[in-house]
Amino acid sequence: MEKKGLSRRLLNRLADIYDWLLNRLERTILMGIRFVLPKKILSPHGFLGMLTFVTFIILGITGALLMFYYKPSLTSAYESVRLINEDIAFGMIIRNIHYHASNAMIFLAIYHMFYQFFAGRYKIRNEVIWITGVILGVLTIIEAYTGYDLIMNERAVLAINIGASLTSSIPVAGQFLASILIGSGFSDILIHYYAFHVFIIPLIMLLLITIHFPRNLILDMPMIAIISGAIIIVGGITPVSLGTKFDPNIPPGITVPEWYLTGLYAFIRTGIDKFIAGVLLPTLLVIIFLIIPFIDRGPKLSWAERPFATGLGIAGLGQIIITTVWGFYINPDPTLDLAERLMIDPFLFYGALAIITAAAFGFTYGYHIWVLPKRKNYSEKSKSNIKQWNLKIEGKRLLLSIIGLLGAQFIIDIMGLQMYMSGHADKAMIWIGASLIIFAIILHIMRSGIEDDKG
Amino acid sequence: MKDIYFYNIYLYHKGFRDVKNNLFLSVYSLKYSFKVAIKYSLFGFKTGLILVDLHESRCLIKFRCKTDMKISRRDALKSLAALSGTLALTPFLPIGDFLIQSTTFNIQRQRIANIKDIPFNSRLIFTYPITGNTERDNDPFRKFVLIRLPNGQFKAYSTVCLHLWCLVDYKTERQQIECPCHGSIYDPNTGIAIRGPAALQPNKTLPEVKLEIDEKGDIYANGIIGVIGYGKEGSK
Ligand code: FES
């Protein structure tokens, strides 16, 4: 026994340290969470929240790195972003990942919310989780908005102005809040937004996330790697630009906001009062989502059994899509009067929204009344939230495929490096992302191999 | 547990109509089935009692107790501590002022340009009042547009649109002031919004800069009529 090899002894020592650490960790809050590492491919619908959290972490890391060079000042903000984008090594990649992760986070958060909504997951004692989730979604959009305002291009300046004036349009407290935001002028707004973006909002989000986390967390490592890889690949295909630098002596031209705000932009362009369009309507939408657990209180979870909630959800989703797409549309004819080009016909616009709402409720109630009773084999049982797919690779080919993939990954890494060295940081990102996706596949093969051994 | 005997208890739970008889029952069952009784207290006065079954971790019966107006020594001490806490926090009340730094616009007479430099139907963006601090002077809220109308007259307005504070500009092709965000159009002669969302608002006249032209043809700005972002008729 004393003649154990050095490596054996080292391994034992490591195992001891691991045990020691695990023992001590039992004293911490971490042990209140149960991490579930799935052994098969799961539908990501069951853990979209976890994926959203992963993008939050990516944003935290890249954002902290960007803070090394960014300068929140009216005169040098744009230059500092240009420096990051063009001169600093990996700056362009970091900024691109930050930007695309923010889009991914908003998209995943909305997707997550609607999936949970239609599955009726805000019931069964999940009300607190649901409400913190809705608040987190709103904060995510505000966080993204304060972020793209920091670049000080034309789009940022107009967005800052609109945000500040919308704040001032709130009755009673609005002008007081706006004066806090504005301080002694525009340079103060910028630094205030910066404080919100890098510290205040993320801190509140982190606190809410701790409440929002359920006891069981699905940690699907392959899917996390795929999401990270996809963000980087999209960043490589559509790299984010700097935008036109804002020059205070040249008022900007027509500027469309980021995609998560074009819905609001469309409402504002219909000519209704700015407070109603920019503050009241979005608040109303949020309030409806906040109180839905207290309206839809029946025991049924299936969407077909809850026609009112489902109708509301489809109507909400339809309205979000219509307004978001409509916000992008601007009559391209430059000979027309600007007021005419930007105006959205309120009858057409609100008519479309009314029609989609009626159609949504018509569909769900129609389905509930006529179709549902005819489905004989319809079972009351609510399906499990987590679907499993089988995608197994047989024993012998397992090792071979891992080796093949490793080879491919090696080549891809080299291609990425070569792209980066030759000055194509954007193209390099596609390879970097591809490498992450191969890593995801290998992780999956590994876990199915381990499962085979057990079976 | 003793608290139950101290206070006159009224039961508001549906299942317990007969207060007197059930009181004993509840206390009895309290002894044997339920583990915890938590007191509500409001400012040190007992106002209620709640029974919690630890095994099921849910609330079973809610009692409301009549407030005991007799202040015990313990309650008095608690109230004094609460008073001290309030006094300790009072100095922080005006902290809200920390958040606000007000804008100072020193109205000054300032040369903008000479009439010879500005042709008919053209415009010049200028900063007013100039402070010498680049951060301040680049502020879009301090930018104004000096317009020479086709008839030769001079006008100067704030560039902050009255709708949602985007930045307007004088377009020489169409001889009007336009906002790129939602398409508000202003009349350059008066600064009044004639089309677009700003025209639908109660405050729709752009703040105007008072202009003075001396015998050498130098144009001076001397004061602003109205409030930036809120209009000529607007007030903060
Ligand atoms: S901000 Fe000028 S039209 Fe809306």
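Every number here is computed from the coordinates shown, using simple stated rules; none is lab data. A quick note: this is a predicted structure, and the numbers were derived from the prediction, not measured. FYI the Cβ positions are ideal-geometry reconstructions off the backbone, even for glycines, and counts take in every protein chain you see.
Dividing the helix sum by the residues of chain A, where each DSSP H run of 4 or more adds -39500 (n - 2.57), gives a mean residue ellipticity at 222 nm of -21500 deg cm²/dmol. Number of Lys-Lys pairs in region B:109-235 with C-alpha atoms under 13 Å apart and a separation of 8 or more places or on different chains: 4. In percent, rounded to a whole number, the relative contact order of chain A is 23, using alpha-carbon pairs under 8 Å and six or more apart. Ranked by how many other Cβ atoms sit within 10 Å of their own Cβ, fewest first, the residues B:83, A:65, B:162, A:166 fall in the order B:83, A:65, A:166, B:162.
Rounded to the nearest 20, the size of the Cβ-charge dipole of chain A about its Cα centre is 2300 debye, with Lys and Arg at +1 and Asp and Glu at -1.
What are the membrane-span-like helices in chain A by this rule: whole DSSP H runs, Cα extent along the axis at least 18 Å, mean Kyte-Doolittle hydropathy at least -1.0?
Working: long enough: A:6-25 (28 Å, -0.11); A:48-66 (27 Å, 2.25); A:91-118 (40 Å, 0.67); A:127-148 (32 Å, 1.40); A:154-168 (21 Å, 0.80); A:221-237 (24 Å, 2.32); A:281-295 (20 Å, 2.91); A:307-328 (32 Å, 1.31); A:346-366 (29 Å, 1.43); A:395-421 (40 Å, 1.22); A:425-454 (44 Å, 0.82).
Passing helices, by number: A:6-25, A:48-66, A:91-118, A:127-148, A:154-168, A:221-237, A:281-295, A:307-328, A:346-366, A:395-421, A:425-454.
Length, then width, then depth: along the principal axes, the Cα atoms of region B:109-235 run 41, 34, 22 Å. Peptide A:246-255 has a mean of 6 when you count, residue by residue, the C-beta atoms of other protein chains within 10 Å of its C-beta. Here region A:170-302 is treated with +1 on each Lys and Arg Cβ and -1 on each Asp and Glu Cβ, and its dipole about the Cα centre works out to around 300 debye.
Within the set of other residues whose C-beta is less than 12 Å from the C-beta of residue A:169, count the net charge using Lys and Arg as +1 and Asp and Glu as -1. So the surrounding residues net to 0.
Going by how many other beta carbons lie within 10 Å of each one, how would you line up A:187, B:72, fewest first?
Details: A:187 20, B:72 12.
In increasing order of surrounding Cβ atoms, one gets B:72, A:187.
By the count of neighbouring beta-carbon atoms within 10 Å, fewest first, B:210, A:374 end up ordered A:374, B:210.
Do any GluC sites (Glu not before Pro) in region B:169-236 lie in a loop, going by DSSP, with at most 10 other beta-carbon atoms within 10 Å of their beta carbon, and if so which?
Numbers: sites: B:173, B:178, B:208, B:212, B:215, B:233; in loops: B:173, B:215, B:233.
Here the GluC sites (Glu not before Pro) that fit, given the DSSP loop and packing criteria, are B:173, B:215.
Does chain A come out rounded, prolate or oblate by the C-alpha gyration tensor, with a ≥ b ≥ c the root eigenvalues, rounded set by a/c under 1.5 and, if not, prolate when a/b is larger than b/c and oblate if not? Can you show the working numbers first?
On the way: a/c = 1.83, a/b = 1.24, b/c = 1.47.
Cα axes put chain A in the oblate bin.
A simple rule links phi to the HN-Hα coupling: the Karplus curve 6.51 cos²θ - 1.76 cosθ + 1.60 with θ = phi - 60°, which for region B:109-123 gives 8, 9, 6, 9, 6, 10, 4, 5, 7, 10, x, 4, 6, 8, 9 Hz, with x for Gly and Pro.
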